[in-house]
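Encoded as structure tokens, the structure appears first; notes follow it.
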Amino acid sequence: MQKTHKPDSFRTESPADKLLDIIIWCLVLFAVIITLYPFLYVLSVSISDGQAVAKGQVLLFPKGFTLETYGTVTQYSQLWVSYKNTAIYTVLGTIVNIVFTCLAAYPLSRKHFFLRRKLNFFVVFTMYFSGGLIPTYMVVTGLGLYNSRLAMIIPVLLSTYNMMICRSAMESVPQDLFENASLEGAGDWYMMIHIAVPLIKPTLAVLTLYYAVARYNDFFNAMLYLGKSELQPLQMFLRRILIMSSSEILQAAGTSGAAAAAQNTLKIRYVCIVLAALPIFCITPFVQKYLVSGTMLGAVKG
């Protein structure tokens, strides 16, 4: 009599497999907790009563719900100026980054380009060796970019790593498409815009996300090249409030008294953190699929 085999879906797990699953889920739960706790704590402190915060009563959930500090911070005009600057640097900088990344990646992906090997070598060389901070600062200031919005865009015009990812994606496009288009009389500009770029849209979406996050979080270039507060991005405003313990918001709000000032200073810091992270939290659900596909860039294909 022939024995029937149960399908894999009906096989019972061994005790060792169950124990392994429990360990994995515990590790995942622990990672989620230690990741979410700082965000929940910052949010809870920002909406809690100042006295409860000063006494250290806020551990996870808010104590004495209030949005008074949010009103104080949002009335400060420099916050919105910094928001506007960050939006300009992020949107304009990302667009320019993607354009120049494609312009650099396309010729380096074409095998018939006679300078392909040499330029690839110089591109890789810059990933390991650079001119240094002081020479870069001298070049940027020598070009007259100090206290200019272009100082946040031109020095970071291109990421070598992102360009190499884009180049690899263009190399994976079937060469027959380029050969057929070339026989029809299409030039390199046409093939790049109408063939290469449309076929690597998933890769460009991931690179756009990488560039946008980098531009949004960039504060070092602003610290070097932007001395005027009306040109500084949100991250510089946040740095001034958190690290330098600036009391400009308290002074603008007219807060008096040492105790009240101490309570409001701590809450203002956390409110500024929440307001700075809010755009990223709002955008992340819409680009989550690109984040997942971005983790697969450079993975080995089976």
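Remarks
- Any chance Leu231 is modelled with pLDDT of 85 or more and under 30 Å from Gln51 (Cα atoms): no
- Per the conditions (1) touching a residue at least 60 places away in the same chain (Cβ under 8 Å); (2) out of contact with any helix residue (DSSP H, G or I) (no Cβ under 7 Å at 6 or more places or on another chain), the sole criterion not satisfied by Asp49 is (1).
- Residues of the range 156-172 that turn out to be under 14 Å from Asp218 (Cβ atoms) and either touching a Phe, Trp or Tyr at 6+ places or on another chain (Cβ under 8 Å) or buried (at least 22 other Cβ atoms within 10 Å of the Cβ) (or both), as a count: 2
- Flag not set for Gly71, criterion: over 22 Å from the mean Cα position of the chain (by Cα) and on the phi > 0 side of the Ramachandran plot.
- Scanning the range 125-153 for residues that are of a type in the set (Val, Ile, Thr) and touching a residue at least 12 places away in the same chain (Cβ under 8 Å) returns Thr126, Thr136, Val140, Thr141, Ile153.
- Per the listing Met236, Met223, the residue uniquely among the aliphatic types (A, V, I, L, M), without any contact (Cβ under 8 Å) to a residue 40 or more places away in the chain and within 29 Å of Thr284 (Cα to Cα) is Met223.
- Per-region count, the range 161-201, residues more than 15 Å from Ala105 (Cβ to Cβ) and of a type outside the set (A, V, I, L, M, F, W, C): 11
- In the range 77-113, residue surrounded by the most Cβ atoms within 10 Å (Cβ to Cβ) [restricted to those that are outside any loop (DSSP other than H, G, I, E, B) and among the aromatic types (Phe, Trp, Tyr)]: Tyr89
- If only residues of the range 147-200 that are within 28 Å of the chain's Cα centre (by Cα) and among the charged types (D, E, K, R) are counted, the one that is farthest from Met127 (Cα to Cα) is Arg149.
- Any hit, the range 123-141, residues being closer than 19 Å to Phe100 by Cβ, among the polar types (S, T, N, Q), loosely packed, with under 15 Cβ neighbours inside 10 Å and in contact with a Ser or Thr (Cβ under 7 Å, 6 or more places away or on another chain): yes
- Residues of the range 180-217 classified as touching a Pro at 6+ places or on another chain (Cβ under 8 Å) and surrounded by fewer than 20 Cβ atoms within 10 Å (Cβ to Cβ), total: 1
The values are calculated or read from the model by the stated rules, or taken from the named source; none is laboratory data. Quantities reported herein were computed from a predicted structural model and do not represent experimental measurements. In this analysis, Cβ positions are derived from the backbone assuming ideal geometry, glycine residues included, and neighbour counts consider all displayed protein chains.
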